[in-house]
């Protein structure tokens, strides 16, 4: 159940970043400004997009790391259970 919740957070972050970039671009392009002001605003917008994308990468790496950690834990549990079953079969064959 928590895995589903984590996926929704990631999807929300991606949507928020994309929506923010689109909204900022539309606002910049529809506002009457001089060329110099427009270039400055675009430069600032690109910096914001860069920062947001870095945050997104960090979130995705964190979630991916958590997923791999959970898979590793599950693999270890399966392996130890398999060894227990094998040992019990060796001691007491059916």
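Note the angle between two axes, namely the Cα long axis of helix 35-91 and the longest principal axis of the Cα atoms of the chain, as a number of degrees from 0 to 90, rounded to the nearest 10. Once rounded, the angle reads 0 degrees. Between residue 8 and residue 71, full extension at 0.36 nm per residue minus the direct alpha carbon distance yields a gain of 20.7 nm.
Taking the longest Cα principal axis of the chain as reference, the axis of helix 2-30 is set at about 10 degrees.
Computing Kirkwood radius over Cα pairs in Å for the structure here picks out one of (1) 13.6; (2) 17.4; (3) 18.1, namely (2).
Sorted by packing (mean other beta-carbon atoms within 10 Å per residue), highest first, where do 43-55, 71-83 land? Can you show the working numbers first?
Numbers: 43-55: 12.5, 71-83: 10.0.
Those peptides, ordered most packed to least, come out 43-55, 71-83.
Placing a pseudo-label 7 Å from each Cα along the Cα-to-Cβ vector at residue 89 and residue 47 gives an inter-label distance of 6.4 nm.
Throughout, read-outs are computed from the coordinates displayed, never taken from laboratory work. Everything numeric here is computed off the predicted structure, so don't read it as measured data. So basically every Cβ, Gly included, is an ideal-geometry build from the backbone, and we count neighbours across all protein chains shown.
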